[in-house]
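Reviewing the structure listed below.
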Amino acid sequence: MSGQQAVLRIPAGTSELKEVSIQPSVIVAGDHPAGLLMAEHLADLGVAVTLMVPFPTLEEVVAPYRVIASADESVAGLLQEVAERVSQHAGITRVTQADLVDISGWWGDFSVQARIGEDLKTFHTSGIAMAYRGNPVDLPGIPVQEGVLPFTDFLSGINLQTGALAGKAESPKQVVFLLDAGERDEKWASVAAIRVGVFLKRKFGTQVFILCRELKVSVDEMEQDYRAARESGIIVFKYRQTPRVEKGSGGLRVVFEDAAAISSHGPSEITLDALDVVVAQERLGLSEDRAEVLRKLRIPLEDGVAGPNNPQFTGRTPKKGVVVAGDAWFPEYPTDAAMTALSAAQELYKWVGKGTYQVDAYRVAEVDPSKCATCLTCFRICPHDSIRVERYGERNVYITQGAKEGATWEAARVKIETCDGCGLCASECPAKAIQLIYYPDMEVLDFLAKNL
Amino acid sequence: MVSKNPKIVAFCCEESGMPAYEHAVSLGLDLPDGLKVVALPCGGKAETGYLMKALDEGADAVMVFACYEGNCKYVRGNIRAEKRVNYLRERLEKIGLSPEKIVFCPVAPASGQRFAELVQREVDTLLGA
Amino acid sequence: MIIAEQKPIEEILEMLAPHKKILLAGCGACVTVCQAGGEKEVGVLASQIRVARQEAGNPIEIIETTLTRQCEPEFMDEAKDLMNDVEAVLSIACGIGVQLMAQTFYDKPAYPGLNTSFLGFPEEHGVFTERCAACGNCVLHLTGGICPIARCSKSLLNGPCGGSQDGKCEISKDVDCAWQLIYDRLKALGKLENLAEIIPPKKWITSRDGGPRKIVREDLRI
């Protein structure tokens, strides 16, 4: 019968509320426009924002996105003037030529080390937002060679007035966009290829080919844009295996099998010859030093970015008080990246905007320092980076004869402000030194003893 | 010897297994009376000690209902739970017991049907064994 | 720290076959840290033994305890009362703990529940590797801080041998060649000239070859 079973529920309610006061301050750092949007949003809400960008000016943060902005009004609407607005915003302290080097601490009390020019400087803040561009990690399946450009290099290198690429005098006659050769489900390159392709075709008469495994059109207004692309003469091919890119007579040559062709004479191979430039969608990931900062905070990365581990919570990380946007979250088209940035900023506002917070000191884990063997299991497994080893225990297993009176010993300690009470630490502790205060082992063991 | 009405302890993650159980109840689906349900804040709280203790106290089987991979609110709780289950299954085989006495079952919150089916499948496995 | 791992459960069950009531004693130090013999493992192993014996129709009673450390005579007191009621003790400490149990509770068998493996550290959580062979005569100052005794398969003092291939040892592609590591480290330190010096044959008398070892510190004796 349904509903007749013995059930042990997690004890409801709370008993111990602790008031903590949190200064409404954040540091927003990074080289992605998402950072500017987050800084502006948080400053508008009254949070004291310190914005760190690695360049001499804020304009350089949006510069690589100017080509997409020219081709797409909705991106232009987002990026146009955001750098200017942020550079004049009274609620934002701007620090240029600055990059985050290290972060330690917790929600409400982060210590941030930044390299500013040649100097290292320490900042204190309640919350942190990071918005980084992805670095090209590799071009999946395509050997790097002359004439093959990573997509982001192409976007930042093209001259908007002449259509010429960096180091060239005139615009290329043809451009081949080679898309989604990688494994990850990214849409940005499909959208950018279509919209920038139409722009190049119309403004400079460039012949544009788009080669893809699948064109991702599940984006606002992409159906119309796709039609516009077809009508303006952009040719889209679907390939099966990653195309071969090789040196041909008078330029590059791209050879692939057309997945859409139906032929009774076997596979239909298509060759595009005498090409000026092949733009290949690269795999984007965080640079190693930035990835290291995230790893230190125990923010898990997958394939070099933070997003895939956390699909439900846009921009949010398991570390309370830290949000991530831009390619560091997931490589997205600028309008999507802006949405991620705004929800990340709102998430952060929730944690730093209110001033005082009630923290439940009951629905958390607690270490018994006298049993702790300082094995670091809890420190390593805590998904929220909420446990540290501190010198506070009255005794531990390593106590020796003749220890001084009042001496303290190292033991793990849970930071209750950021503990979510999941119990992972308690279940892994080999010394059984950790209990969930609200749901100790005895509750479960008693239930088993009584009902079995 | 397993009785006609085997005792099964279901450790249920508060985020998935528990809502799935409640869903099964609300749908009026058949669940055996021998089922004992223990809610946990995360599948990752299903420690090896709990799972073995349940068998030790006389349960015929233990099931861990946790979130699907990539869905854990606490990043890796479900993965830890699955690894512990696999570790204990190996150990059970070594002491001459069926590994099917401990199973890991990823479920979605609104999958009462699947919850009931998995429990029934476990009952069938136990009775068939 | 001392790294140990649990003995195969079949072996443990065989040792306990003649007994109906035992003490299962964990240790709060090294084996807790390497997750082989702490309080959690005591609970899990006790349940496993009980379930196995129940299934075999030969139930066993197990008292569970975890001593602060099993390598100090004073801490043996923690098990004294419990030992009165049992036929034997299954110790899941290192070999030192099992022996101290045997010595302290002379009239009752003490069984080892762990295999004491080596002196090492967790390379990552759940992966333990050997670092020290306790040879009693350290040469780390000569070898770039990498121990050729513990980490070279042949314990060569003047390596590498011909079995070093692409930085790996010939015994397995998963084992680093210690002498490759030593070369790399000395190069990084700018001390490659150390390698030109032949390290003379080692006096193994400080290791196991000299028989059981003992250190007496008169300054410490009370």
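The values are calculated or read from the model by the stated rules, or taken from the named source; none is laboratory data. Just so we're clear, the structure is a prediction, and the values are computed from it rather than from any experiment. Positions of Cβ are generated from backbone atoms using ideal geometry, with glycine treated the same way; all protein chains shown enter the neighbour counts. Just the protein is used for accessible areas: all its heavy atoms, side chains included, with ligands, DNA and RNA removed. Shrake-Rupley method; radii C 1.70, N 1.55, O 1.52, S 1.80 Å.
Quick notes
- Ligands, DNA and RNA excluded, the heavy atoms of A:I416 present near 40 Å² of accessible surface to a 1.4 Å solvent probe.
- Dipole in debye (nearest 20) - the stretch B:8-121, about Cα centre, beta carbon charges: Lys, Arg +1; Asp, Glu -1: 420
- Listed by chain and number, the lysines whose C-alpha is less than 23 Å from the C-alpha of B:K7, apart from same-chain residues fewer than 8 away, are A:K450, B:K36, B:K45, B:K53, B:K94, B:K101.
- Restricting the calculation to alpha carbons of chain A gives Rg and Dmax of 27.1, 91 angstrom.
- Think of a 1.4 Å ball rolled over the protein heavy atoms: chain B then has 38 Å² of accessible area per residue.
- Alpha-carbon Rg/Rh ratio, for the stretch C:2-118, with Rh computed the Kirkwood way: 0.93
- Net charge dipole, the stretch C:2-118: roughly 140 debye, given to the nearest 20, about the Cα centre with Cβ charges of +1 for Lys and Arg and -1 for Asp and Glu.
- Overall form of the stretch A:15-54 per C-alpha gyration tensor (a/c, 1.5; a/b vs b/c): prolate
- FRET efficiency, 1/(1 + (r/R0)^6) with R0 25 Å, evaluated for A:F313 and B:Q120 via beta carbons: 0.15
- Cα centroids of the stretch A:77-97 and the stretch A:157-222: 29 Å apart.
- Magnitude of the charge dipole for the protein assembly as shown, about its Cα centre and with charges confined to Cβ atoms of Lys, Arg (+1) and Asp, Glu (-1), is about 1020 debye.
- Reduced Cα scattering model of the stretch C:134-210, Debye log10 I(q)/I(0), q = 0.25 Å⁻¹: -1.20
- When the convex hull of its Cα atoms is projected in every direction, mean area for the stretch C:34-91 (nm²): 4.4
- Projected label points at A:A164 and A:S21, each 7 Å from Cα along the beta carbon direction, are separated by 6.2 nanometres.
- Cross-link partners of C:K187 among lysines, defined as those whose alpha carbon lies under 30 angstrom from its own and excluding same-chain residues fewer than eight positions apart: A:K296, C:K154, C:K168, C:K173, C:K202, C:K203.
- Dipole of chain C, positive direction: furthest Cα of C:Q6, C:I182, C:V86, with charges on the beta-carbon: C:I182
- Ratio of Rg to Rh over the stretch A:16-130 (Cα coordinates, Kirkwood Rh, two decimals): 1.03
- Between A:Q145 and A:E292, full extension at 0.36 nm per residue minus the direct alpha carbon distance yields a gain of 49.9 nm.
- Estimated FRET transfer efficiency (C:N58, C:S117; beta-carbon r; R0 30 Å; 0.05): 0.45
- Cleavage-rule hits, chymotrypsin sites (Phe, Trp or Tyr not before Pro), the stretch A:196-262, DSSP coil, Cβ neighbours within 10 Å at most 12: none
- When a 1.4 Å probe is rolled over the protein heavy atoms, the share of accessible surface on the stretch B:8-121 that falls to carbon and sulfur comes to 46 percent.
- Chain B and chain A together bury an accessible surface of about 3200 square angstrom, both sides counted, with a 1.4 Å probe and no ligands or nucleic acids included.
- Candidate aspartates and glutamates - alpha carbon under 16 Å from A:K404, same-chain residues fewer than 8 apart omitted: A:E394
- Sequence of C:Y106, B:Y21 from largest to smallest accessible area, 1.4 Å probe: C:Y106, B:Y21
- Largest first, the residues A:S218, A:S87 sort by 1.4 Å accessible area into A:S218, A:S87.
- Applying the criteria of a DSSP loop state and at most 15 other Cβ atoms within 10 Å to the trypsin sites (Lys or Arg not before Pro) of the stretch A:196-256 yields A:R213, A:R240.
- Orphan Cys of chain A, criterion: no other Cys C-beta under 4.7 Å: A:C212, A:C372, A:C375, A:C382, A:C419, A:C429
- Two-decimal log10 I(q)/I(0) for the stretch A:359-451, as the Debye equation yields it once each C-alpha is a single scatterer, q = 0.11, 0.12, 0.13 Å⁻¹: -0.34, -0.40, -0.46
- Mean Cα-pair separation over length for chain C, i.e. relative contact order, pairs under 8 Å, 6 or more apart, %: 17
- Three-way shape label, chain B, alpha-carbon gyration tensor, a/c 1.5: oblate
- Simple label model, 7 Å out from Cα along Cβ direction - C:H141 to A:A261, nm: 7.5
- Residues C:E74 and B:S98, FRET efficiency given R0 of 30 Å [Cβ-Cβ distance, rounded to 0.05]: 0.10
- Taking a ≥ b ≥ c as the square roots of the eigenvalues of the Cα gyration tensor, the stretch C:1-57 is prolate, since a/c reaches 1.5 or more and a/b is larger than b/c.
- For chain C, the alpha-carbon radius of gyration amounts to 1.26 times the rule-of-thumb value 2.2 N^0.38 Å expected for a compact globular protein.
- The stretch A:136-283 - Debye-derived log10 I(q)/I(0), Cα point model, q = 0.13 Å⁻¹: -0.55
- Computed label-point distance, nm, for sites A:T271 and C:V127 using a 7 Å Cα→Cβ extension: 4.8
- Restricting the stretch A:367-452 to GluC sites (Glu not before Pro) that sit in a DSSP loop and have at most 14 other Cβ atoms within 10 Å of their own Cβ leaves A:E394, A:E405.
- If you wrap the tightest convex hull around every Cα atom of the protein assembly as shown and split its volume per residue, you get 251 Å³.
- Signed unit charges on C-beta, dipole axis of chain A, positive-most listed residue A:V26, A:T242, A:G91: A:V26
- Accessible-area value, B:V75, 1.4 Å probe, nucleic acids and ligands omitted, Å²: 30
- Applying 0.36 nm per residue to the separation of A:K247 and A:D44 and subtracting their alpha-carbon distance, the gain on full extension is 67.8 nm.
- For the stretch A:190-250, the ratio of Cα radius of gyration to the globular rule of thumb 2.2 N^0.38 Å stands at 1.21.
- Ordered from largest to smallest accessible area (heavy atoms of protein chains, 1.4 Å probe), the residues A:S287, C:S153 come out as C:S153, A:S287.
- The coefficient of translational diffusion for the stretch A:71-131, derived via Stokes-Einstein from the alpha carbon Kirkwood radius under 10 °C and 1.306 mPa s, stands at 115 µm²/s.
- Between the alpha-carbon centres of the stretch C:176-194 and the stretch A:335-358 there is a gap of 50 Å.
- Relative contact order computed over the stretch A:253-352 (Cα-Cα under 8 Å; 6+ residues apart), in percent: 18
- Dipole-positive endmost among A:V305, A:S427, C:L45 within the protein assembly as shown (Cβ charges, Cα centre): C:L45
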